[in-house]
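Everything on this sheet refers to the single structure shown next.
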Amino acid sequence: MSLLKILGPVMVGPSSSHTLGALKISRFAYKLVGKTPDKVTFLLHGSFSKTYKGHGTDRALLAGIMGFKQDDPRIKDAFKIAKERGLEYSFEIQDLGEVHPNTVRIKFEVEGIAHEIEGSSIGGGDIKITNIDSVPCDLSWDYDTLVIVNKDIPKALEKILDAINVNVANLYLRRINALLERALTIVELDEPIDNLEEIKKIPYVYECYFIGRDY
């Protein structure tokens, strides 16, 4: 067990599950697009829906979607800063089905492009990202991650994997539109890649996002 696990995470509280975990899920969404979105809706499930005001889950989610790290003193002013930045946001209570009690689905939009992230805070500040743009996955964010929208034809995935110059830890793939021949590929990597622009230029790649893990 690491020293961090014994002492607890460095964070702006009050709760590692309801505050830190929520922030990390939302920050993952921020890092997917690399900027604060134009608008965002947080769908709160289970205990998140019951305690989100008292435990600061709402403030943490707003801070994360603006890219704040877990120890950023600006977290306490997240509502004020979101207003200053013109971020359109809302919180809704919704039953998301058979998922962890501390689960949030984040729907957000950047320059007209919509994305959706679902994740759970599983305790001690640890999280699981369970869905990215309708593709089920199981990401702890212990790895660097590539999210690719690619052409759904034979050998497309082979070409993409050939271009990735580091070891692949895990791979998730799902067809998202058969008519348009589109698939979404999620790749967990053992280390950051240094040829992202090269991957973006592959003819089979429509969109490509890199989410570096937080250290």
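With the structure loaded, tell me whether Tyr206 is of a type outside the set (A, V, I, L, M) and closer than 21 Å to Val135 by Cα or whether it fails that test.
Yes.
Out of (1) among the charged types (D, E, K, R); (2) in a loop (DSSP other than H, G, I, E, B); (3) closer than 13 Å to His45 by Cβ, what's the single condition that is false for Asp142?
Going through the list (1) among the charged types (D, E, K, R); (2) in a loop (DSSP other than H, G, I, E, B); (3) closer than 13 Å to His45 by Cβ, Asp142 breaks only (3).
Against the condition in contact with a helix residue (DSSP H, G or I) (Cβ under 9 Å, 6 or more places away or on another chain), open to solvent by 20 Å² or more (accessible area, probe 1.4 Å) and over 14 Å from Ser26 (Cα atoms), how does Val110 come out, does it pass?
No.
Would you check if there is a residue in region 189-206 being surrounded by 13 or more Cβ atoms within 10 Å (Cβ to Cβ), of a type in the set (Phe, Trp, Tyr) and over 29 Å from Gly97 (Cα atoms)?
Scanning region 189-206, I find at least one residue that is surrounded by 13 or more Cβ atoms within 10 Å (Cβ to Cβ), of a type in the set (Phe, Trp, Tyr) and over 29 Å from Gly97 (Cα atoms), so the answer is yes.
Could you check region 131-171 and list, in sequence order, the residues that are modelled with pLDDT under 95 and among the hydroxyl-bearing types (Ser, Thr, Tyr)?
Matches in region 131-171: Ser134, Ser140.
Output the number of the condition that Leu180 fails; it satisfies all remaining conditions of (1) part of a strand (DSSP E or B); (2) free of Cβ contacts under 8 Å to residues at least 60 places away in the same chain.
Every listed condition holds for Leu180 apart from (1).
Do you know which of the residues in region 88-100 that are of a type outside the set (Asp, Glu) and more than 18 Å from the chain's Cα centre (by Cα) is least open to solvent (accessible area, probe 1.4 Å)?
Step by step, filter region 88-100, then rank; the result is Gly97.
For region 1-118, give me every one of the helices (runs of 4 or more DSSP H) that falls completely inside it and has 3 or more residues that are in contact with a His (Cβ under 9 Å, 6 or more places away or on another chain) and either aliphatic (A, V, I, L, M) or modelled with pLDDT of 95 or more (or both).
21-33
Output the residue which, of all residues in region 163-177 that are assigned to a loop (DSSP other than H, G, I, E, B) and open to solvent by less than 70 Å² (accessible area, probe 1.4 Å), is nearest to Asp133 (Cα to Cα).
That would be Ile164.
The values are calculated or read from the model by the stated rules, or taken from the named source; none is laboratory data. Owing to the predicted nature of the structure, the values given are computational and were not obtained by experimental measurement. Neighbour counts run over all protein chains shown; Cβ positions are idealised from the backbone, glycine included. Just the protein is used for accessible areas: all its heavy atoms, side chains included, with ligands, DNA and RNA removed. Shrake-Rupley method; radii C 1.70, N 1.55, O 1.52, S 1.80 Å.
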